[in-house]
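Trainee: Below you'll find the structure I mean.
The values are calculated or read from the model by the stated rules, or taken from the named source; none is laboratory data. Keep in mind it's a predicted model, so treat the numbers as computed, not measured. Neighbour counts run over all protein chains shown; Cβ positions are idealised from the backbone, glycine included.
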Amino acid sequence: MSSEAEGRATDAALSVSALSKCYQIYARPQDRLLQTLWRGRRTFYREFWALRDVSFELARGEAVAVIGRNGSGKSTLLQLIAGTLAPTAGSVRMAGRVSALLELGSGFNAEFTGRENVVMNAAILGLEGDEIRRRMPEIEAFAGIGEFIDQPVKTYSSGMLMRLAFAVSVSVEPEILIVDEALSVGDIVFQFRCLERLSRLVGSGTTLLFVSHDIGTVRAFCSRAVYLEAGRVKAIGSTEDITEAYISDMHEARRRDRGAAFAVPARAQGGPGVLSARFADAAGAAYSHGDAIEIEVEVEAAGLACPALSALIQDSRLVAVAGTVCTLQRGDGAGRAKVRFAARALFLPGHYFVTLRLEERPGDGSFILIDKQIGILSFEVVHGAQRTFRGLVDIGMSARQLP
């Protein structure tokens, strides 16, 4: 692979050409030795192409997302671009300083303190000693891990590790920044600060290559997207077009995997609890803004004096954005009941989950949790060209100019 810090004839900050990565997969450990002994006269492995013939360019100051299902080659692509993996074929050309935030804590020494790791990584990224010392207070403040900055990294939680790694990566003000799902770790306040910092960097001319499963963030943040499928580029284009194609493909995959009814068994028979849940409509799992969402749930409430079923709609970070409670009227039978929840898809584009709770609820102010099924169903919300609201949920907020 060739990596060039010098400028290029074009304005591209990053150019990927026919990039490929092949792994040799051995069925048994001893086959590796046999392959060496036979010196290529016989093959004891099968080839697995994690990435094949991937090509695209990024302009200076452009934010581009890489999306695709798990195993599609996203992380492999970013590692090849960052230089932590060697390609089987193809090339990567870059113009300027590159900072990569890939696996949590990659490049950190577990025995060193956070401060020592900051100095070491900032030096690797090209900062001089005086510049590192000047930026250290800003790095400490952004990471927000307090006195742990002087403790060994091996004592850090994953969230603390991500905070420090991100703070170092953005502190060098790179010309090219590569981020692989790092923002999925940590609290929502810090995630917002990270996105705000990324926005500032891109606004000042940094080129961003960004991998995320959060379609809402991708749409809000990136102008273009690269869609990978089975190690190959399936499509490249505007974020809106590519994410809609991706969501459509996921919808079809769910239809094949689960059938048109999208029935999801929740638990084994026996005792009170949630038995099953499904989208009442045949489409399910993908909705345009304003579409009706209907979910049918079956529960066993035998033995409960005041049974109630709660439904929560949560975003990709499992933050509740909507919900309701249905008080169940028990009959003379075994206590089995069916409930249909109805709502409208008035949410920001993105991925959402449905969590169900069977409760013993003697009054509005108190309840006893009997069974909880987290994210038993999931769906995507997509928007057409008429989207006008801002925020997470469309509450019908209006505006008019006063005379």
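Trainee: If residue 193 meets every condition in (1) farther than 26 Å from residue 315 by Cβ; (2) surrounded by 14 or more Cβ atoms within 10 Å (Cβ to Cβ) apart from one, which number is that one?
Mentor: (1)
Trainee: Applying the selection to the stretch 53-94, what residues are among the basic types (Lys, Arg), more than 22 Å from the chain's Cα centre (by Cα) and surrounded by 17 or more Cβ atoms within 10 Å (Cβ to Cβ)?
Mentor: The answer is 93, and nothing else.
Trainee: Among what's in the stretch 227-255 and is of a type in the set (A, V, I, L, M) and within 15 Å of the chain's Cα centre (by Cα), pick the residue that is nearest to residue 65 (Cα to Cα).
Mentor: Among those residues, the one meeting the criterion is 228.
Trainee: Look at residue 220 and say whether it is surrounded by fewer than 16 Cβ atoms within 10 Å (Cβ to Cβ) and more than 19 Å from residue 69 (Cβ to Cβ).
Mentor: Criteria met by residue 220.
Trainee: Only one of 28, 42, 32, 69 is assigned by TED's automatic domain parsing to the domain that holds residue 178, part of a helix (DSSP H, G or I) and not aliphatic (A, V, I, L, M). Can you tell me which?
Mentor: Within the list 28, 42, 32, 69, the selection yields 32.
Trainee: Among residues belonging to the stretch 113-152 that are touching a Lys or Arg at 6+ places or on another chain (Cβ under 7 Å) and assigned to a helix (DSSP H, G or I), point out the one that is farthest from residue 178 (Cα to Cα).
Mentor: 150
Trainee: Would you please name the residue that is surrounded by the fewest Cβ atoms within 10 Å (Cβ to Cβ), looking only at residues in the stretch 343-360 that are part of a strand (DSSP E or B) and modelled with pLDDT under 85?
Mentor: In this case the residue turns out to be 351.
Trainee: Name the one entry in 323, 365 that is touching a Ser or Thr at 6+ places or on another chain (Cβ under 7 Å) and either at pLDDT 85 or above or farther than 23 Å from residue 215 by Cβ (or both).
Mentor: Checking each option against the conditions leaves just 323.
Trainee: Continuing with the same structure: Would you mind stating whether residue 153 is more than 20 Å from residue 78 (Cα to Cα) and of a type outside the set (D, E, K, R)?
Mentor: Yes: the conditions hold for residue 153.
Trainee: Among the candidates 50, 63, single out the residue that is among the small types (Gly, Ala, Ser), touching a residue at least 12 places away in the same chain (Cβ under 8 Å), over 20 Å from residue 22 (Cβ atoms) and out of contact with any Asp or Glu (no Cβ under 8 Å at 6 or more places or on another chain).
Mentor: Just one listed residue meets the conditions, 63.
Trainee: Next question. Could you identify the single residue in 173, 140 that is on the phi < 0 side of the Ramachandran plot and among the acidic types (Asp, Glu)?
Mentor: One residue alone meets the criteria, 140.
Trainee: If a residue has to be under 10 Å from residue 164 (Cα atoms) and not small (Gly, Ala, Ser) to count, how many in the stretch 132-146 make the cut?
Mentor: 4
Trainee: Quick one: residue 399 ticks every box in (1) within 28 Å of residue 240 (Cβ to Cβ); (2) under 25 Å from the mean Cα position of the chain (by Cα); (3) at pLDDT 80 or above bar one, so which box is it?
Mentor: (2)
Trainee: When you look at residue 246, is it at pLDDT 90 or above, outside any loop (DSSP other than H, G, I, E, B), buried (at least 20 other Cβ atoms within 10 Å of the Cβ) and of a type in the set (Ser, Thr, Tyr), yes or no?
Mentor: Answer is no for this residue.
Trainee: Identify, from the list 43, 84, 10, the residue that is over 23 Å from residue 226 (Cα atoms), among the hydroxyl-bearing types (Ser, Thr, Tyr), at pLDDT below 90 and out of contact with any strand residue (DSSP E or B) (no Cβ under 6 Å at 6 or more places or on another chain).
Mentor: Among 43, 84, 10, only 43 is over 23 Å from residue 226 (Cα atoms), among the hydroxyl-bearing types (Ser, Thr, Tyr), at pLDDT below 90 and out of contact with any strand residue (DSSP E or B) (no Cβ under 6 Å at 6 or more places or on another chain).
Trainee: Residue under question is residue 150, and the condition is that it be in contact with a Ser or Thr (Cβ under 6 Å, 6 or more places away or on another chain), of a type outside the set (A, V, I, L, M) and more than 19 Å from residue 197 (Cα to Cα); does it hold?
Mentor: Answer is yes for this residue.
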